[in-house]
1. Please determine whether any residue of the stretch 639-647 is small (Gly, Ala, Ser) and part of a loop (DSSP other than H, G, I, E, B).
2. Considering (1) surrounded by fewer than 17 Cβ atoms within 10 Å (Cβ to Cβ); (2) of a type in the set (S, T, N, Q); (3) touching a Cys at 6+ places or on another chain (Cβ under 6 Å), say which one THR800 fails and leave the rest.
3. Among ALA91, ALA108, which is small (Gly, Ala, Ser) and either surrounded by 16 or more Cβ atoms within 10 Å (Cβ to Cβ) or in contact with a helix residue (DSSP H, G or I) (Cβ under 6 Å, 6 or more places away or on another chain) (or both)?
4. Just checking, how many residues over the stretch 309-348 are open to solvent by less than 30 Å² (accessible area, probe 1.4 Å), over 29 Å from HIS740 (Cα atoms) and among the acidic types (Asp, Glu)?
5. How many residues does the stretch 547-598 contain that are closer than 21 Å to GLY527 by Cβ, out of contact with any strand residue (DSSP E or B) (no Cβ under 9 Å at 6 or more places or on another chain) and of a type in the set (Lys, Arg)?
6. Say whether the condition of being touching a helix residue (DSSP H, G or I) at 6+ places or on another chain (Cβ under 7 Å) and closer than 29 Å to LEU472 by Cβ is met by at least one residue in the stretch 362-369.
7. Among the numbered criteria (1) buried (at least 20 other Cβ atoms within 10 Å of the Cβ); (2) in contact with a Gly (Cβ under 9 Å, 6 or more places away or on another chain), which one does VAL758 miss?
8. Identify, from the list PHE752, PHE775, PHE737, PHE818, the residue that is touching a helix residue (DSSP H, G or I) at 6+ places or on another chain (Cβ under 7 Å), closer than 22 Å to ASN662 by Cα and modelled with pLDDT under 90.
Amino acid sequence: MSGATSSADLDEAPARTIHVNQPQQNKFRDNQVSTAKYSVVTFLPRFLYEQIRKAANAFFLFVALLQQIPDVSPTGRYTTLVPLLFILTIAGIKEIIEDYKRHKADSAVNKKKTIVGDFVKVTNGQHLPADMIIVSSSEPQAMCYIETANLDGETNLKIRQGLCQTASLQSREELMKVSGRIECEGPNRHLYDFVGTLRLDGQSPVSVGPDQILLRGAQLRNTQWVLGIVVYTGHDTKLMQNSTKAPLKRSNVEKVTNMQILVLFCILLVMALVSSVGALLWNRTHGEVVWYLEMLSVNFGYNLLTFIILYNNLIPISLLVTLEVVKFTQALFINWDIDMYYPETDTPAMARTSNLNEELGQVKYLFSDKTGTLTCNIMNFKKCSIAGVTYGHFPELETERSSEDFSQLPPSTSESCEFDDPRLLQNIENDHPTAAHIQEFLTLLAVCHTVVPERQGNKIIYQASSPDEGALVKGAKRLGYVFTGRTPHSVIVDAVSSRCAWHSGCQPHAVCPATRAALTQHCNNLGDSLGKENDIALIIDGHTLKYALSFEVRQSFLDLALSCKAVICCRVSPLQKSEIVDMVKKHVNAITLAIGDGANDVGMIQTAHVGVGISGNEGMQATNCSDYAIAQFSYLEKLLLVHGAWSYNRVTKCILYCFYKNVVLYIIELWFAFVNGFSGQILFERWCIGLYNVIFTALPPFTLGIFERSCTQDSMLRFPQLYKITQNADGFNTRVFWGHCINALIHSIILFWFPLKVLEHDAVFTNGQGIDYLFVGNIVYTYVVVTVCLKAGLETTAWTRFSHLAVWGSMLLWLVFFGVYSAIWSVFPIAPDMLGQAGMVLRCGYFWFGLFLVPTACLVKDVAWRAAKHVYYKTLLEEVQELETKTRELGKAMLRDSNGKSVNERDHLLKRLGRKTPPSLFRAHSVQQSVSHGYAFSQEEHGVVSQSEVVRSYDTTKRRTEVQ
């Protein structure tokens with residue numbers, strides 16, 4: 001599991017002593033990190049706990065236990081236990097397959113084996129495998145440069161420097177001769193704190209601070225190699241201490257379904273109680289008259305248990321396995337989506353879990369990492385303004401580009417420079433009045449930065465702490481001012497065939513963080529607008545956030561944040577990211593989604609209802625801990641608007657239909673109880689009851705859950721307002737659920753009492769043969785199968801060959817089975833009561849008349865209700881569906897609201913539909929669909945060591961030391 005130490009544990013973490021080149025006297029954690037949900041030991045208890053949390057599973061386990069009591073169950077001892085075990089087995093196999101993928105991904109991360117006390121060498125570009133103290137490096141004075149984007153999201157280079165006592169230890173022989181010990185604090189989550197002492201034999205003790213520590217997840221940059229001694233490994237590293245334990249996530253739809261199942265169970269108990277009381281009263285009033293009948297037990301408790309078992313199918317046991325298959329298939333659709341495949345890295349989208357598919361359709365708040373996630377972090381030098389003259393300015397770039405324009409953009413080059421304006425150099429050569437200003441401008445571009453040049457043969461590679469700095473230096477290079485090197489006191493530039501050196505320096509500036517009083521003042525300024533969405537944004541840094549998340553002002557900060565359209569949190573720790581998500585998740589009744597690409601995003605990814613990882617340049621830690629993984633942030637659009645909305649509609653329709661068809665059939669047993677004196681007698685043959693969900697009505701829920709869609713993916717993307725339907729849970733809530741149940745109740749009344757009243761007289765056949773309860777039961781059963789299959793057809797919006805197979809094939813399957821099952825007793829000793837039933841039913845004229853009349857009477861109300869809503873209350877969804885039916889040229893149509901007025905937002909969307917462009921082209925390039933240029937500014941990142949120290953410490957003219 002992804003482990004995180006609690007606050008109490010952090011305070012009590014004991015200090016540790018690490019022996020150098022000696023056996024360790026204490027046992028430390030290994031360097032293995034796991035993001036999987038299960039292990040071999042924990043799978044069974046954790047899996048069973050997760051399954052029993054589902055109300056349906058808990059209920060059927062209860063019923064299965066009741067059936068083991070002798071002489072209580074009217075349907076046998078194993079009719080519930082066997083299906084339940086089958087469902088749990090299917091769910092277990094699915095969980096094992098998904099968790100195996102997580103273990104496989106973890107294995108790729110855990111390739112590097114190391115333990116506390118080891119000497120480790122890391123080369124340029126590699127990520128550090130553990131937390132370690134710097135011993136020496138290829139740079140002077142044991143310095144090295146790291147990027148900590150995985151830890152704190154900062155992309156600027158940070159300098160770390162080893163102790164002078166160990167800087168000369170660069171060979172294997174020298175390292176093997178070292179002996180001593182390191183005394184340091186215990187594992188904790190504080191990224192910028194470290195307290196320790198290095199005690200080498202024969203030397204004075206030396207204190208070790210955060211400047212000597214390299215943390216797991218950081219990347220070595222601009223340094224050929226570094227040697228260090230490991231102090232924390234695995235879940236003890238500061239990176240993993242900032243992670244949170246992988247939670248067992250459940251979707252909101254599942255929680256709502258569980259609640260409705262509990263209410264339905266209470267109704268079942270009331271039904272069983274009423275039936276038991278009815279049996280008791282009927283026996284008292286009719287016991288002497290019908291003495292020839294074998295009466296139901298007079299034991300009230302036994303009767304109650306009997307009716308609980310009799311009515312238990314009111315809750316569909318097939319729902320669970322149906323949803324498992326449906327969600328697993330939906331996850332495959334996500335994995336197979338070619339629009340979310342990134343060919344440059346051969347990375348498809350991946351659903352690491354299928355339990356949250358419908359949750360993607362309800363996301364209200366999105367929490368995104370910025371660097372590498374929301375932005376590609378790629379800058380290009382395109383234009384500049386010098387002395388009032390604009391160079392590289394092209395008016396045609398100001399117009400909004402269509403998707404065709406973007407599809408033809410060239411890929412970004414490594415030079416990060418698309419500047420092409422010969423006037424600038426011509427003005428220098430022609431001694432233009434602004435020539436001096438131009439030269440000064442280019443000089444400043446080439447001098448004022450923290451870029452480090454590295455030579456590979458005759459080529460100069462610029463290692464920049466931020467992409468905007470790199471773009472500016474490369475732009476200066478293209479214009480003839482080539483930055484070639486730096487020393488601790490100067491930078492070297494080849495400027496138009498001459499070499500110059502400038503002394504450099506920089507002035508740090510102070511930051512004035514907001515205070516808690518200022519935060520409260522902002523809330524007061526909003527007045528009545530507080531708590532409502534306003535066209536404002538909130539920007540807060542990590543230092544201020546520490547106060548904002550404190551108990552005193554947490555609610556004020558939340559109210560202020562929810563009043564803004566966007567909240568930008570700068571330079572926050574991984575734990576702060578997860579705390580922000582947790583705050584919104586707990587205090588706002590809405591679904592949250594967190595997306596990121598670095599290890600510093602793991603906490604918020606695991607805390608949010610849905611976590612999405614991006615396979616970026618910051619390792620696979622975020623991907624391995626996510627619920628869904630994509631290669632580009634732009635793919636999130638289709639993941640939510642298409643797959644999320646489709647999955648929500650499919651899952652909710654599947655759930656509602658499963659409850660509907662079960663209530664229709666099994667509530668009939670209650671109506672029959674009023675006829676049979678509450679004896680517990682069943683109306684239908686036992687195996688017909690058992691196969692109702694397994695065979696005869698099994699296909700419609702699958703087609704609704706897998707192939708149903710309200711609109712095409714083009715419409716879902718072009719009309720993002722359609723997402724509000726699923727976001728607001730308009731298709732599945734308490735009102736909708738009980739509306740379907742009441743509708744099923746009405747249908748069951750029609751399906752039972754209409755045939756019963758028609759057949760209550762015995763003169764049915766010309767040969768004088770009478771009818772029995774099973775004859776009536778088979779007719780009612782046939783009507784039920786036909787009605788619920790036709791109901792599935794009414795619920796289907798997108799008809800496919802599978803839809804036709806499910807609806808018409810299920811009816812035909814029952815009729816074929818009925819005919820065979822009624823004649824099989826002479827061959828197999830099964831169901832002797834069914835012998836000849838098919839012939840009797842099919843020869844009955846009342847049956848054929850009712851086959852048309854009864855299902856029509858049931859469904860005419862549904863059709864009339866739907867038609868009335870469509871006429872008097874047409875929704876945006878229905879309007880889009882009409883447009884899809886009438887024409888493919890959606891841009892030529894005009895949507896109108898219920899009052900006939902033009903809807904501005906919808907009109908704006910429709911105007912964009914005139915472009916005959918495949919939707920995939922909108923995601924072809926990670927660029928804005930507006931003006932393709934802008935300005936970016938490098939700034940001081942305020943790391944542990946300032947950028948001025950980085951610049952002044954570096955000397956590219958010296959030859960680097962090679963490790964032996």
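The values are calculated or read from the model by the stated rules, or taken from the named source; none is laboratory data. None of the values given here were measured: they were computed from a predicted structure. Positions of Cβ are backbone-derived with ideal geometry, glycine not excepted, and every protein chain shown enters the neighbour counts. Heads up: the accessible areas ignore ligands, DNA and RNA and are worked out on the full protein's heavy atoms, side chains in. Shrake-Rupley method; radii C 1.70, N 1.55, O 1.52, S 1.80 Å.
1. Checking the stretch 639-647: not a single residue is small (Gly, Ala, Ser) and part of a loop (DSSP other than H, G, I, E, B).
2. (3)
3. ALA91
4. Number satisfying all stated conditions: 1.
5. Of the residues in that region, 1 qualify.
6. yes
7. Going through (1) buried (at least 20 other Cβ atoms within 10 Å of the Cβ); (2) in contact with a Gly (Cβ under 9 Å, 6 or more places away or on another chain) one by one, VAL758 breaks only (1).
8. PHE775
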